[in-house]
Amino acid sequence: MMVVRTVAELRAALRPHRTAQHSIALVPTMGALHEGHLSLIRHARAHDGVVAVSLFLNPSQFNERSDLERYPRNERRDAALAEAAGADLLFAPSVEEVYPPGFATSVEVLGLTERFEGAARGSEHFRGVTTVVTKLLCMALPDVTYFGQKDAQQVVVIRRLVEDLNLPVRIEALPTVREPDGLAMSSRNALLSAEERHRALAIPAALDAARERVIAGERAASTLVEAGVARLHASGIEPEYVSLVDPDTLEPIDTLTGAGLLVLAARVGHVRLIDNAVLVPQGAPNPRRPLPGKALA
Ligand code: AMP
């Protein structure tokens, strides 16, 4: 695996692959790689001609300085894991390479970014994400870019961005990878104490509680949300939000008739965790894109 630090080196490394018409895949990450990231890299390895992984801890998407400061950083470890998962190229630019002096442009997706994570973390969070993703896409010019459905709102926002700006790239969302006990993998899990780690299991359990109500025939969004909230409360967790929304528009839904996306955020101790599940009532058409969660057959 080759490690490159500048846009010029990245483009030079990808040029022969573009000429040879290999499918170029990009997997954007902020490092602290875990099985969730590695599943994206492995998928790219299996489906594309050349796999570029970006490793950039993007300061502009952190609304809390302390969150950025305590974010785990270990490039050597990340590089070894990315290579073992099948990456051909690691693009690990400096902050100055991405935001050189005089940098003055931002990309903003309106509406979709104002709720859930946008409301909780402030407008700068998604502005930071959409600006850096646009830049990464322009730097690498990939054919396909893989994201995790773990960050479901991010996927919806990026699909909107790519469509609105006519960016010539396919966006694919891959299923959330979980620990054996159900907790969604996240770089932030390492910050949980043993007691918090145990209590955090209420988050996947809350999604399961709603899923079980769907299997039992419940279709009212308020009841499904209440089932999730009750499970969180039982573990002493007050959610920031639990909501059932349309998976494409993120608009709240009242009644589950097709696939619904149940989104959830909660702090466990000082650690903020997010998770989601797609709920599909029996007999409803399957979601048109691969999404996490089992179809409720
Ligand atoms: P991050 O480094 O947190 O920006 O994440 C990089 C990519 O990995 C994003 O597309 C995330 O959605 C994805 N990702 C993070 N956690 C998981 C997970 N548990 N399962 C699948 N993808 C994930």
Specify the residue with the greatest mean-square fluctuation among ASN189, ASN74, ASN276, computed from a Gaussian network of the chain linking alpha-carbon atoms under 10 Å apart. ASN74
Roughly to the nearest percent, how much of the accessible area of the stretch 2-174 is carbon and sulfur, given a 1.4 Å probe? 53 percent
Heavy atoms of PHE103: accessible area, 1.4 Å probe, square angstrom to 10: 80 Å²
Counting Lys +1, Arg +1, Asp -1, Glu -1, what net charge surrounds ALA32 among other residues with beta carbon under 10 Å of its beta carbon? +2
Please find, in a Gaussian network model of the chain (springs between Cα atoms separated by less than 10 Å), the residue of SER106, SER123, SER39 whose mean-square fluctuation is greatest. SER106
The ratio Rg/Rh over the Cα atoms of the chain, Rh being the Kirkwood inverse mean 1/r radius, stands at 0.97
Considering only protein heavy atoms and a 1.4 Å probe, what is the carbon-and-sulfur percentage of the accessible area of the stretch 187-279? 52 percent
Enumerate the amide H contacts of VAL4 below 5 Å, restricted to partners 5 or more residues apart or on another chain; note that Pro and chain-start residues carry no placed amide H. LEU90, PHE91, ALA92
Can you tell me, using C-alpha contacts under 8 Å and at least 6 residues apart, the relative contact order of the stretch 187-279 as a whole percent? 28 percent
Put VAL95, VAL129 in order of accessible area, largest first, 1.4 Å probe: what do you get? VAL95, VAL129
Please give the per residue accessible area of the chain, computed with a probe of 1.4 Å over protein heavy atoms only, in Å². 45 Å²
Using label points projected 7 Å from each Cα along Cα→Cβ, tell me how many nm separate ALA190 and LEU68, to one decimal. 2.0 nm
Kindly work out what percent of the DSSP beta bridges joining two residues of the chain are antiparallel, to the nearest 5. 50 percent
GNM top mover of ALA44, ALA259, ALA119 - the chain, alpha-carbon springs below 10 Å: ALA119
Phi to ³J(HN,Hα) by Karplus 6.51 cos²θ - 1.76 cosθ + 1.60 over the stretch 117-133, Hz, x for Gly, Pro: 4, x, 5, 6, 9, x, 5, 5, 4, 5, 4, x, 5, 5, 5, 6, 5
Angle between the Cα long axis of helix 75-85 and the longest principal axis of the chain, 0 to 90 degrees, nearest 10? 80 degrees
Under Karplus coefficients 6.51, -1.76 and 1.60, residue-wise ³J(HN,Hα) of the stretch 171-186 in Hz, glycine/proline x: 9, 10, 9, 10, x, 5, 8, 10, 5, x, 8, x, 5, 4, 5, 7
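The values are calculated or read from the model by the stated rules, or taken from the named source; none is laboratory data. From a predicted model like this one, the values you see are computed outputs, not experimental measurements. We place every Cβ from the backbone using ideal geometry, glycine too, and count neighbours over all the protein chains shown. Each accessible area value is taken on the protein alone, full model and side chains, heavy atoms only, with ligands, DNA and RNA left out. Shrake-Rupley method; radii C 1.70, N 1.55, O 1.52, S 1.80 Å.
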